[in-house]
Every structure is written in structure tokens, then in C-alpha cells.
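The values are calculated or read from the model by the stated rules, or taken from the named source; none is laboratory data. Note that the coordinates shown come from a computational prediction; the quantities given were computed from them, not determined experimentally. Methodologically, a virtual Cβ is constructed for each residue, glycine included, from the backbone with ideal geometry; neighbour enumeration extends over all protein chains shown. When the accessible area is computed, the model is the full protein with side chains, heavy atoms only, and any ligands, DNA or RNA have been set aside. Shrake-Rupley method; radii C 1.70, N 1.55, O 1.52, S 1.80 Å.
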Amino acid sequence: MLRLTWVQPEDLLGHEIRQARQDGREPGAVEARWRAAGGADAPDRAGASPDRASRYLRRLAEDLLDELADLPSGLDEPTDLEAIRALCPQWPSYRCAPAGADRAVPRDPAGAPPSRVPHSQPRTGVPRGGTDGRSGTLPARVGAPDPRAYQAAWLGRAVGCLLGKPVEKLPLPAIRELARATGNWPLNHYFTARGVPAALLAAHPWNRRSAATSLAENIDGMPEDDDLNYPLLGLLLLQRHGRGFTTSDVAALWLDELPAGRTFTAERIAYRNLLTGVEPPHTARHRNPFREWIGALIRADMHGWTNPGDPAAAAEQAHRDATLTHTANGVYAAMFTAAVIATAAGGTRDVHACLRAGLTVIPPRSRLARAVDRAIRLAGTHEDFETVVDELHRTHSPTHHWVHAVPNTALIAAALTHADGDFTGSVCRAVSGGWDTDSNGATAGSVAGLLAGDPGALPDRWTAPLKNRLATSVGGFDGTDFDTLAHLTHLEATRP
């Protein structure tokens, strides 16, 4: 029996009940009706429950999903870009004016990230922005990093993803036990099955789909993963539509180039919605309980890479991409990440300044901003990163799914802070913190690789197994080498 993941109504309802509690709605009455009818919780880690529900329960789940969507929320966490900007008092000025604007607005030097704050000190502030830059022509991007910096970023993203793939979905204690069993704790190398006791592997098996291509003894190039597919799609998007693309352009590109089976969670729901005639941005809300999960964040890199030194433009670009599938904190996570990466691409080598710049483009009272700010402070306070991770899990794991954007973005920020942007330290901390291990490792690796500035600065033990190629089902890119991807990315970063 084919039991397609992330789309079964009886599973979606349980996720939507939890999402409702997180975003300020009260689902108690709906939940009581579901329980009384015999409905179950959503799967904790799998994408689908093992057995199909009755026709009655499936129809009830669809009706209750619609009822939950109509419940009011008391939180001020908008998805509209202008509403987001209005809540961001330190929104940075645009280095180049946003797409579709009429006249140029110069970058205010006051909008530049502040000087470095040592990671051992708590974060005390974020940079102040200058003029709002809502109007202006679109001059050529200037000051893009050398293509080798983009190559390091692509390689870093691949390395971090590959490191996290075997342990994706595993609980935190299992990750620690598997690494310790081979003397790889604190994490410092790719995971291996060699030397792991059979009883431990039986209790905590590797990720079923990834072990054959991502354990140290099996790596032969970069295997396909959505964490690399989406930057490739972002590259295609810019090649075809430029920086003035629309959310509908993103949707059309997906239908042309992205196999439906390569989508997951919010992206799969949005894809399904497109096929049933739902138009963006409603694709992000219609029966989509995953709209604040990590999917938009993992699509943000290209928007940061191609807006060097311009976190405002990067965030705005990421917003147009993210709103196909996500709302509120799911969108904020993409905007934050794009702004962090854009700041690094602009020549800033201080990861703490990059993170502070990221916080300027998301509402400071949002759940995401509060979680990231706290994570950065924890990382600056505790010398032992396990203590930081344990505290983050105590805070978020009881209420959030392991793929939700809030805890995962917080963990990425903590890892980068605690490692001071060092490549190995950043990817290993991000993956060793659990939750969405491959996505977190990928984003941390992208940032830290860009900060390193050159592929030669990344240790050979990480990059050599990639053999300078990646696999993908995204049109025309299968087998492409990372230096070619770097060159193509550089072209988009400097395109008028």
C-alpha cells in the first residue's frame, strides 16, 4: 500500500491543532470533537500514520482543518511584507533599491552591522537601519565576493547537509550515543557505522533513505537532498526571472522543474494546492499545518548569496519565495537566514554581526526573534555546547515538532555563535544539536563556508568525499560541480 507522507487529512489535523496553540488560537473544542470521534495524534516523527483512517474520519479531519483555519489569533505576527517592515524599527536600508521601485536611495552607513561582539558575551543590541529604501532603480550588484567564496558556501552547505543526513529524525540521545560509540564525540567527522554495537544500531537505526549514501564509508559525491535542490531552484528562478520574480513565478518554476515526490511538509502541501487550483499566497494557508516549519528557511541561501551586503533586499526576495508555502514565523526564518547570508556575502567576516543583521528584518516580538535572541545569549554564556542544546530542547521540544522553524533557527544561531563562525565547529554543533539535522547543518555550513571565503579553507576531510559533484533531479544540474555552481551564482549576484 502506498501511504503518501505529509498529505493525509487525519495526520494533518493533529499537526494543525498543535500549530493553532503555537500561533495564538484556541483549538480545544475542535480537538475534543476529533478525540470523541476516535481521531489520533499526528505521528511524532514519521510523515504519515501507518494505517488509513476511515472515510468518516478523513472527511471530519478536512472539515475540522477548515474550522481551525477560521479561528482568530491574538498574536501580532503578520505575513504581509509591509506589515513586517512596520514592526521592525531597525529594518536596514537597501544597498540597492528593491525590485519594481522608481528611484535610487543610497545606503545609509548607519545601517551597516556593528563591530564584533565576542561570542562569550551576551548580545546587547542590533544595528539601526537608515532610510526605508522602498523606492529606487535596480542598479547592478556591486561588491559580490570572489566566486571561490561562493564555492566555499556551496560546499559548506553540502557538507553540513551530508553530515546530518544519517541521523535525521533521530532523538538527541540517540545521536550522542551513536557518535560516542565510534569516538566521534564531540562530533568532528562524518558518522560511521563501523564499530557501532549491533544492539545500539537496532535501537537507533540510521535514517533509512540516507545511510547508504551519507555514512563515511558510503559517501561517493553529494547525494540528492532537498537542502541542495532548493538553492538550485533558486538559481534557476533568478536566471529566468531576475530579482523581480513573483511568488507565482516560483510556483510555475516548481511545476516545471521540481518533481512532486521531492517535496516534503509545507512544500508538498503547497504543490498539492497548486494542482487543485489554489493560487499563491493561499497555497501557504489552505490545509497546511506545516506553514511555520523549516522549508522556507532552506530556500533562503540563494537570496542571501545574490544580495551581497544588502540584508534588506535579501529578506524581501526571500519573502516572495517563502510566501508560496509559509506564513509568519516560517517566513521570518527565511528572511532572517537570507539577511545573515547577505551580510556575510558583503564582506563581513564576523558571524555575530551577521546574526545581528538577520534580527533586524524580523519582528522583534515574534516567537522566532525571541527564540533566536535567547539561543544567542545561551551560546554566549555557556562554554559547553551540550548545555546550550539541552536548554534549547527543554524549552522547545515539548511544544514543537522537530521540523518547526522556531527551534531549528534558534539552534543554527546558537551553533554559529558558539563556534564563532568556524566551519567545522559550526556544522558539527548544528548537527549535534538534533532536530532537523541535515537542514541545520546545511545552513550553518553555508554561512560558515561563506565566512571562510575560499574552498581551500575548508578541511579536506569534509570536502574530498564530495568529489566535486552533486546529484539532483532538478533540471540540468545532475552531476554539476561546485565550482560551476559558484560561477553561476556569482553571475546572478553581479547581474544588473
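Could I have the simple spin-label model distance between R52 and T182, label points 7 Å from Cα toward Cβ, reported in nm to one decimal?
4.0 nm
How much of the accessible area of region 398-454, probe 1.4 Å, is carbon plus sulfur, in whole percent?
On the way: 360 of 740 Å².
Taking all protein chains in place, region 398-454 shows 49 percent carbon and sulfur surface.
Per q in 0.09, 0.11 Å⁻¹, report the Debye log10 I(q)/I(0) for the chain, using one uniform scatterer on each alpha carbon and no solvent.
Log-scaled intensity ratios, in q order: -0.56, -0.86.
Apply 1/(1 + (r/R0)^6) to the Cβ-Cβ distance of E217 and L4, taking R0 = 41 Å, and write down the FRET efficiency to the nearest 0.05.
Values: r = 32 Å, r/R0 = 0.78.
Step by step, r from the Cβ atoms, then E = 0.80.
Given H placed 1.01 Å from N in the peptide plane, which residues other than close sequence neighbours of W293 have an amide H under 5 Å from its amide H?
It is A405, by chain and number.
In a solvent-free Debye calculation with one equal scatterer on each Cα, what is log10 I(q)/I(0) for region 136-254 at q = 0.19, 0.21 Å⁻¹, listed in the order of the q values?
One equal scatterer on each Cα of region 136-254 leads to -1.02, -1.15.
Pop out the carbon and sulfur fraction of the accessible area of region 311-377 as a percent, whole number, probe 1.4 Å.
Working: 610 of 1200 Å².
The value for region 311-377 is 50 percent carbon and sulfur by accessible area.
Sort region 334-441 into rounded, prolate or oblate with this rule: let a ≥ b ≥ c be the square roots of the eigenvalues of the Cα gyration tensor; rounded if a/c is under 1.5, and if a/c is not under 1.5, prolate when a/b is larger than b/c, oblate otherwise.
Working: a/c = 1.57, a/b = 1.21, b/c = 1.30.
Here region 334-441 falls in the oblate category.
Grab the Cα-Cα distance for R370 and D483, subtract it from 0.36 nm times how many residues apart they are, and report the gain in nm with one decimal.
Working: separation 113, 0.36 × 113 = 40.68 nm, distance 3.75 nm.
Length difference between fully extended and current span is 36.9 nm.
So what is the accessible area of region 297-400 per residue, in Å², with the probe set to 1.4 Å?
Here the residues of region 297-400 average 23 Å² of exposed surface.
Kirkwood hydrodynamic radius (Cα pairs, Å) of region 399-471?
Computed over region 399-471, the radius equals 12.6 Å.
Considering only DSSP states other than H, G, I, E and B, which trypsin sites (Lys or Arg not before Pro) in region 191-291 qualify as loop sites with at most 11 other Cβ atoms within 10 Å?
On the way: sites: R194, R208, R209, R240, R243, R262, R268, R272, R285, R287, R291; in loops: R194, R208, R209, R285, R287, R291.
Answer in residue order: R194, R208.
Counting only Cα atoms, I'd like the Rg/Rh figure for region 1-63, Kirkwood definition for Rh.
On the way: Rg = 11.5 Å, Rh = 12.0 Å.
Checking Rg against Rh, the ratio lands at 0.96.
Is the shape of region 144-208 best called rounded, prolate or oblate, per the rule: a/c under 1.5 gives rounded, else a/b larger than b/c gives prolate, else oblate, with a ≥ b ≥ c the square roots of the Cα gyration tensor eigenvalues?
Details: a/c = 3.36, a/b = 2.60, b/c = 1.29.
Prolate, because a/c is 1.5 or more and a/b exceeds b/c.
Please list Y271, Y56 from largest to smallest accessible area, probe radius 1.4 Å, with all protein chains kept in place. Spell out each step's value before the answer.
Numbers: Y271 20, Y56 145 Å².
Final ranking, largest accessible area leading: Y56, Y271.
Any idea of the accessible area per residue across region 1-104, 1.4 Å probe, to the nearest Å²? Display every interim value, and only then the final one.
Working: 5380 Å² over 104 residues.
For region 1-104, the solvent-accessible area averages 52 Å² per residue.
Take the alpha carbon gyration tensor of region 317-380, find the square roots of its eigenvalues, order them as a ≥ b ≥ c, and report rounded if a/c is under 1.5; if not, report prolate when a/b exceeds b/c, else oblate.
Numbers: a/c = 2.72, a/b = 1.20, b/c = 2.26.
The shape class here is oblate.
Give me the mean projected area, in nm² to one decimal, of the convex hull enclosing the Cα positions of region 190-260. Don't jump to the answer; show the numbers that get you there.
Numbers: hull surface 26.9 nm².
So the Cα hull casts an average projection of 6.7 nm².
How far, in nm, would the chain grow between A37 and N468 when pulled straight, counting 0.36 nm per residue and subtracting the alpha carbon separation? Intermediate results must be reported in sequence, preceding the final value.
Details: separation 431, 0.36 × 431 = 155.16 nm, distance 5.40 nm.
Using 0.36 nm per residue and subtracting the Cα-Cα distance, I get 149.8 nm.
Within region 354-462, which GluC sites (Glu not before Pro) sit in a loop by DSSP and count at most 13 neighbouring Cβ atoms inside 10 Å? Don't jump to the answer; show the numbers that get you there.
Values: sites: E383, E386, E391; in loops: E383.
Within region 354-462, the qualifying GluC sites (Glu not before Pro) (loop, at most 13 other Cβ atoms within 10 Å) are E383.
Describe numerically, in nm with one decimal, the distance between label points set 7 Å from Cα along Cα→Cβ at D146 and at E224.
Here the answer is 3.5 nm between the modelled labels.
With every protein chain left in place, what is the accessible area of L2 in Å² (1.4 Å probe, nearest 10)?
My reading of the accessible area for L2 is about 150 Å².
May I ask you to give the percent of accessible area on region 218-306 that is carbon plus sulfur, with a probe radius of 1.4 Å?
Working: 1260 of 2630 Å².
Carbon and sulfur atoms account for 48 percent of the accessible area of region 218-306.
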